[in-house]
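The values are calculated or read from the model by the stated rules, or taken from the named source; none is laboratory data. Being a predicted model, the structure only gives us computed values, none of them experimental. Quick reminder, even Gly has a Cβ in these numbers, built from the backbone with ideal geometry, and neighbours come from all protein chains shown. Surface accessibility is based on the protein's heavy atoms, side chains included, excluding ligands, DNA and RNA. Shrake-Rupley method; radii C 1.70, N 1.55, O 1.52, S 1.80 Å.
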Amino acid sequence: MKTNLNYCIVLSAEQLAYLAGSKYGIDRMKILHLLIEAAVLKETEYAIKGFSTTLQVGQAVLSEVDLSSKLGYDKKTISRVLDKMNQLGIVASTQSNRTSIHTLKCISAWMQDGSRIDNPFYVRLKDRLDERENPPAISNECKQSSPFFPFPSVSVSPQIVATENSGGDIPADNQI
């Protein structure tokens, strides 16, 4: 269990409205909460039944079956919620035949015992909106996979969150 941990979560009004809403008693925020709790805060090796990968900071491994059993929701419901969360830019999920890896795009950083851990996958709000309007083209290079890492490779550089003040983002050093 992670103790003394704080989260810097940045959501647009549309993203928050979706997560706060409920249809047929489905608590979407609980799904995000489980993904956030499962996210690793340091590079971590992961292996299960012949599948192995290295999780980066801000990634979580949880299959739709795991999520549905933990929450008591139908697997198809979990799948639809995750699809919408992907569409809204809250997370980015990739699946293999063994599990799913979810990359958190809405967490800018974690504060653990006074130390800041930046999420290299964080996407600023204005960039999330731009991505939805103009989805990035995927080249054939990104589609290649190796037997060691069957997911598309992602190249990201950490973003400095404290200087983001346009577009409604809250600087990470402000407390609410």
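Can you tell me which residue within segment 87-100, out of those that are within 17 Å of Q59 (Cα to Cα) and open to solvent by 50 Å² or more (accessible area, probe 1.4 Å), is modelled with the lowest pLDDT?
R98
Restricting to segment 1-38, name every residue that is open to solvent by 40 Å² or more (accessible area, probe 1.4 Å) and among the aliphatic types (A, V, I, L, M).
Those that are open to solvent by 40 Å² or more (accessible area, probe 1.4 Å) and among the aliphatic types (A, V, I, L, M): M1, I9, L11, A13, L16, A17, A20, M29.
Regarding segment 101-114, can at least one residue be identified that is buried (at least 19 other Cβ atoms within 10 Å of the Cβ), over 17 Å from Y7 (Cβ atoms) and under 13 Å from the mean Cα position of the chain (by Cα)?
Yes; the residues of segment 101-114 include at least one that is buried (at least 19 other Cβ atoms within 10 Å of the Cβ), over 17 Å from Y7 (Cβ atoms) and under 13 Å from the mean Cα position of the chain (by Cα).
Regarding segment 39-60, can at least one residue be identified that is open to solvent by less than 70 Å² (accessible area, probe 1.4 Å) and touching a helix residue (DSSP H, G or I) at 6+ places or on another chain (Cβ under 6 Å)?
Residues of segment 39-60 open to solvent by less than 70 Å² (accessible area, probe 1.4 Å): 39-41, 44, 46, 48, 51-60.
Filter once more, so that each one left must be touching a helix residue (DSSP H, G or I) at 6+ places or on another chain (Cβ under 6 Å): 60.
Within segment 39-60 (the criterion being open to solvent by less than 70 Å² (accessible area, probe 1.4 Å) and touching a helix residue (DSSP H, G or I) at 6+ places or on another chain (Cβ under 6 Å)), the answer is yes, since at least one residue qualifies.
I'm told L82 meets every condition in (1) within 21 Å of R124 (Cα to Cα); (2) in a helix (DSSP H, G or I); (3) open to solvent by 20 Å² or more (accessible area, probe 1.4 Å); (4) in contact (Cβ under 8 Å) with a residue 24 or more places away in the chain except one. Can you identify the failing condition by its number?
Of the numbered conditions (1) within 21 Å of R124 (Cα to Cα); (2) in a helix (DSSP H, G or I); (3) open to solvent by 20 Å² or more (accessible area, probe 1.4 Å); (4) in contact (Cβ under 8 Å) with a residue 24 or more places away in the chain, the odd one out for L82 is (3).
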